[in-house]
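A short worksheet on the structure shown next.
The values are calculated or read from the model by the stated rules, or taken from the named source; none is laboratory data. Remember, predicted model here, so these are calculated numbers, not experimental data. Here the Cβ positions follow ideal geometry from the backbone for every residue, glycine too, while neighbour counts run over all protein chains shown. Remember, those area values only see protein heavy atoms, side chains included, never the ligands or the DNA or RNA. Shrake-Rupley method; radii C 1.70, N 1.55, O 1.52, S 1.80 Å.
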Amino acid sequence: MKDAKCKKCGKPAVVKFRTYRISLCEACLPAFYESLVERSVKRHRILRENERVLVAVSGGKDSVALASTLKNLASKLNLSLEIIHINLGIGEYSEKSEEVVRKLAEMLEIPLQVEHLSDFGFTIPAVRMRKVCSACGTAKRYLMNRYARLHRFDVVATGHTCDDFAAFALKNIAGGNLEWLLKFQPRAEGFAEGVVTKVRPLFERTEEENLLYVKAKKLPFLADKCPFSPPKDEWKEIVREIERKKAGFMRNFVRGIAKIAAASGESVASVKYCKICGEIASSDVCAFCKLRLRSVVAESENEMQRQTKRKHAT
Ligand code: SF4
Ligand code: ZN
């Protein structure tokens, strides 16, 4: 950044947004970033005026950037906001995440709801599955949708990034999985009764941009990694490598895929409702209730093992 000047005010620049070929100082960066999100939201009709928005915040940089930019947009679109944070019961990591989100909600003056997975009978570490993250995703989606439906929110907003979408799209193209690819929408309307519309206002923002923004705005966020996070995401590494060679690739790629997905329309599989909890399901029992049952069985097996050990010890 040697000798580069901020495009907005002429002071020494500290960062360059390569996709937009613009250098900025720290003071001008937040307004520029927020204008980009506003443009995405308007161009793709991601949010509509007067909507009640439930904002999912984990405490990581992306969801923190989301909450802050939506706060900025709220007065322009007359949105009403509430934050939801899900405490997954992952020891110190979950405690720190909740603390960060409480601080953020207070700072942004947005009401906050914290849901504890343990109140629903289990925690993420208790889920004995090879793919813990997929179980975690199921739990988060279920609790967000349930809360939003019960409290009559119009949409649930999540901090999915351009990196997430580009990696997801490339992986599904490579695997020939068109059905999944076409689920890619910055605004996915609720396709059945009980399913709340999901919006992803940061789908054109990279994780790098989100980090620059939260740092420039001095927002609290948790940089620690979840202990269950996979060591590396190779698909993300691939799309970022292309981005390094071709600035703007990721944004153009996700835009293109979103266009194809919108043109092809939503294919809705037959809808069922869970016999245990009544929420939407793809079979008689929803994925969340299956997880809950699994954890109960695993816990009773543990208890039996403990009792057997105690018997042998006496
Ligand atoms: Fe959940 Fe996996 Fe993310 Fe940890 S890394 S919070 S287990 S999805
Ligand atoms: Zn269920």
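Largest first and in whole Å, give the semi-axes of segment 185-249's equivalent ellipsoid, each being the square root of 5 times a Cα gyration tensor eigenvalue. Could you put the intermediate results ahead of the total?
Values: eigenvalues 130, 69, 53 Å².
Computed over segment 185-249, the values are 25, 19, 16 Å.
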### Message
Rounded to whole Å, give me the distance from the Cα center of segment 1-52 to that of segment 82-128.
### Response
30
### Percent breakdown of C-alpha pair distances by 5 Å bin, ordered from the shortest bin, for segment 162-314
2, 7, 11, 13, 14, 14, 13, 10, 6, 4, 3, 2, 1, 0
### Task
Specify the residue with the greatest mean-square fluctuation among Gly137, Gly59, Gly159, computed from a Gaussian network of the chain linking alpha-carbon atoms under 10 Å apart.
Gly137
#### Entry: Per residue value of the accessible surface for the chain (all protein chains in place, 1.4 Å probe), Å²
54
### Query
Taking the Cβ-Cβ separation of Lys103 and Ala247 as r and a Förster radius of 30 Å, what is the calculated FRET efficiency to the nearest 0.05?
0.30
### Query
Counting only complete DSSP H runs, which helices of the chain cover 15 Å or more along their long axis at the Cα atoms and score a mean Kyte-Doolittle of 0.0 or above?
61-77, 162-174, 249-264
### Query
Taking the Cβ-Cβ separation of Glu49 and Lys183 as r and a Förster radius of 25 Å, what is the calculated FRET efficiency to the nearest 0.05?
0.45
#### Entry: Radius 9 Å from Cβ of Leu73, net charge of other residues (Lys, Arg +1; Asp, Glu -1)
0
### Task
Tally up the carbon and sulfur contribution to the accessible surface of the chain as a whole percent, 1.4 Å probe, everything protein left in place.
52
#### Entry: Built amide H within the under 5 Å cut-off of His116, gap 5+
Asn87
#### Entry: Share, in percent, of DSSP beta bridges within the chain that are antiparallel, nearest 5
35
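Please compute the contact order of segment 30-79 in relative form: average sequence separation of alpha-carbon pairs under 8 Å and at least six residues apart, divided by the residue count, as a percent. Intermediate values should be presented prior to the final figure.
Numbers: 25 pairs, mean separation 21.0, N = 50.
Result for segment 30-79 is 42 percent.
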### Summary
Relative contact order as a percentage, the chain, C-alpha pairs under 8 Å and 6+ apart, gives 19
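Test of understanding: express the Cα radius of gyration of segment 127-245 as a ratio to 2.2 N^0.38 Å, with N the residue count.
Details: Rg = 16.0 Å, N = 119, 2.2 N^0.38 = 13.5 Å.
It is 1.18.
Please tell me which of these pairs span more than 24 angstrom C-alpha to C-alpha: Lys171/Lys232; Lys71/Lys236; Lys183/Lys236; Lys217/Lys246? Mind showing how you got there, number by number?
Details: Lys171/Lys232 15 Å; Lys71/Lys236 29 Å; Lys183/Lys236 19 Å; Lys217/Lys246 28 Å.
Going by Cα-Cα distance, Lys71/Lys236; Lys217/Lys246 fall outside the 24 Å limit.
Where nothing but the Cβ of Lys and Arg (+1) and of Asp and Glu (-1) is charged, how large is the charge dipole of the chain around its Cα centre, in debye to the nearest 20? Write down the numbers at each step before the final one.
Working: 56 positive and 38 negative charges, 168 e Å.
With Lys and Arg at +1 and Asp and Glu at -1, about 800 debye.
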### Query
If you take the Cα atoms of segment 1-112, find Rg, then find the Kirkwood Rh from the mean of 1/r over all pairs, what is Rg/Rh?
1.05
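In terms of the ratio Rg/(2.2 N^0.38 Å) built on C-alpha atoms, what value belongs to the chain? Walk me through the numbers before you get to the answer.
On the way: Rg = 21.2 Å, N = 314, 2.2 N^0.38 = 19.6 Å.
In units of the 2.2 N^0.38 Å rule of thumb, it is 1.08.
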### Query
Which FRET efficiency value, to the nearest 0.05, is calculated for Cys133 and Ala31 with the Förster distance at 41 angstrom and r the Cβ-Cβ distance?
0.70
#### Entry: Sequence ranges 271-281, 79-89, ranked by mean other-Cβ count within 10 angstrom, highest first
79-89, 271-281
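Full extension from Arg310 to Asp3: what is 0.36 nm times the residue separation minus their Cα-Cα distance, to one decimal in nm?
Numbers: separation 307, 0.36 × 307 = 110.52 nm, distance 7.13 nm.
Full extension from Arg310 to Asp3 adds 103.4 nm.
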